[in-house]
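A short reminder: the numbers here are calculations on the coordinates, not readings from a lab. Please read all numbers here as calculations on a predicted model, not as lab measurements. For neighbour counting, all protein chains shown are included, and Cβ atoms are generated from backbone atoms with ideal geometry for every residue, glycine included.
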Amino acid sequence: MSAIERCRTAVLVAGCVLVSSALAIAADGPPKTGGKIVVGMYMDTHIPDPTKTIDLSTHSALKNVCENLVTVDEDYNIIPQLADKWVEEDGGKAYLFTLRRGVKFHNGKELQAEDVKYSLERQKAVASNKGDYADMTGVEVVDPYSVRISLKGPSPVFLTVLVGPFGGYIVPKDLDKQQGGEITKPVCTGPYEWVEWQPDRQLVLKKFPGYVADERYKGPTGLGGKRTALLDEILFRVIPDRSSRITALKTREVDLTTRLDVADFEELKKEPKITAIETPILSWQVIWLGVNVAPTNDLKFRQAIAAAIDYQEIIQASTDGHAVINPAFMHPSQKQWRTEKTGQLHKHDPARAKELLKQSSYKGETIDLFANNATEFSTNSALMIQQELANVGIKTEIRYLDEGGIAAKTYAAKPDYQILIYGASGRYDPDQAYYRRLHTSSAVNKYHNSDYDKIVEQARVTMDHDKRLALYDQAQQIIMDDVPMILMYNLNSFDAQRDYVKGFKQTSMGLMRFWDVWLDK
């Protein structure tokens, strides 16, 4: 039985009351309350609407403000958050949730079933990831503290959809109407409340005195558990320039900064009174191939590219080894979704690459290779891939784009690139990657393979974990054979803090947790 299935069984019996070890207080001394932490942010929070926002910086703030029906613990098991318990009905075609009582929104209103109905229906209607909710056919208020969610068919994925982690937040009923038609100030149930946002300058969160901690847990775990707001205030200061963020940390203008490069990390490791933090995260770095654009629409040419690349050389050049080689969508730490097949790499074989090129439609023309110029690892990846392709006879010209430009290029309605390097956030369930990224209905690069579609369609309605695992093995094999894209590695993230910051721990999704964080000044 998988960890998730064990958790689901526990939920049916006793509300899945999991516990987590408390913070390592012995090492840092007892936590102190009060004070303000200043965080140097690489970009602004662009859309404060918890349902519509898509950028990581906004979600990093919202994770401290908002909560979900369910979330994940440190081992990616699904655990209750605003839910007290849930029951799977009709073979997975419906879920009946019972809510925790006495939970308060930041406006003082008590959380009830009508708020859950409103939030989830709005998620399906206007969220950036509304496709994840396509199978939801209804949300019924059973009583003030119970809500039933009905689905088109059995779904082993839907609980993970409710986790998010980029969305699924529960807000008060009709919050958009109360704010003039659009949500411009999040109101949720988390340990901190959204107080003031000055676009392109800063965001202020303050401790919510009415927060109801989840006493079923001994301490925080993953994105849930018993979370405690120890700080009085969190100030996210927008400092886009990396070197300026580092200077601000050294001069104590900020207490913590994030989104650093490898060189920054190595530099700050040597600084007195600064702690450099390296965290494995689930985000992928991917070579997307234009399956509908010549010559990458030629299978032999795509296979030649796969044979030309050397994973180890790429991560060494791009991250100085601070990454995990991984050809599959699920991170090696997500052990419940890993098999021997998911670790198989494309074999680095330049001789085979040259032979495949001869059999392909490629005639020696120069191919555009698009990459993000915002990060050192991205630019270095592009340079190494360019060199490895040149070694087998493929000519490329690197076209650098900024963060917005590369994102627009990647997710264009009609992709026109041949080779493009871009990352994506990891996910907790393989459906959210294998289906959403490559199924014909939603493929990033408009990839189409009917055999692949059938496999991932079956996997998303199969309730048995082991059967799903076998199906994703088949899907992974098709990806390796058909080469619509090449997953290269999972990044590590780099953050740094003053040594008086205690309890901070980056998440594997790159979302910052400021509950149970304190200042020892």
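Structure notes:
- Taking each of 117/409; 109/207; 218/502 in turn, the alpha-carbon distance tops 25 angstrom for 117/409.
- At 0.890 mPa s and 25 °C, Stokes diffusion of the stretch 281-492 via Kirkwood alpha-carbon radius, µm² per second: 142
- The Rg/Rh ratio of the stretch 435-521, with Rg taken over Cα atoms and Rh as the Kirkwood radius over Cα pairs, comes to 1.21.
- Relative contact order (%) - criterion: Cα under 8 Å, at least six apart; region: the stretch 164-242: 23
- Of the trypsin sites (Lys or Arg not before Pro) in the stretch 136-226, those whose Cβ has at most 14 other Cβ within 10 Å and which sit in DSSP loop: 152, 201, 218
- A simple rule links phi to the HN-Hα coupling: the Karplus curve 6.51 cos²θ - 1.76 cosθ + 1.60 with θ = phi - 60°, which for the stretch 127-139 gives 5, 5, 9, 4, x, 5, 9, 4, 7, 7, 9, x, 10 Hz, with x for Gly and Pro.
- Distant-in-sequence amide contacts of residue 367, defined by a placed amide H-H separation under 5 Å and a gap of 5 or more residues or a different chain, comprise 395, 396, 397.
- Sites residue 46 and residue 213 - FRET efficiency at Förster radius 41 Å, r taken between beta-carbons, to 0.05: 0.85
- What the phi angles of the stretch 500-515 give under the Karplus curve with 6.51, -1.76 and 1.60, with θ = phi - 60°, is a coupling list of 7, 7, 10, x, 6, 9, 5, 9, 5, 9, x, 9, 7, 9, 10, 6 Hz, glycine and proline written as x.
- Inter-part distance, the stretch 359-425 to the stretch 444-480, computed on C-alpha centroids, equals 27 Å.
- Residue pairs, from the table 269/341; 52/93; 36/273, whose Cα atoms sit over 25 Å apart: 269/341; 52/93
- Counted charge near residue 100, where neighbours are those whose Cβ lies closer than 13 Å (Asp, Glu -1; Lys, Arg +1): -1
- In this structure the amide hydrogen of residue 137, modeled in the peptide plane, comes within under 5 Å of the amide hydrogens of 150, 151, 152, none closer than 5 places in sequence on its chain.
- Selection of trypsin sites (Lys or Arg not before Pro), the stretch 77-126, meeting DSSP coil and at most 15 other Cβ within 10 Å: 101, 109
- Interchain or long-range residues, amide H under 5 Å from residue 517's placed H: 230, 231
- Counting all C-alpha pairs of the stretch 156-288, share separated by more than 19 Å (%): 69
- Exposure proxy for 133, 400: other Cβ atoms within 10 Å of each Cβ, ordered fewest to most, give 400, 133.
- ³J(HN,Hα) computed for each position of the stretch 317-323 - Karplus, 6.51 cos²θ - 1.76 cosθ + 1.60, integer Hz, glycine/proline x: 6, 8, 10, 6, x, 8, 7
- Fraction of C-alpha pairs exceeding 40 angstrom in the chain: 24 percent, rounded to a whole number.
- Degrees separating the helix 376-392 axis from the principal Cα axis of the chain, which is the longest one: 20
- Over the chain, DSSP H runs of length four or greater, each weighted -39,500 (n - 2.57), average out per residue to a 222 nm ellipticity of -8000 deg cm²/dmol.
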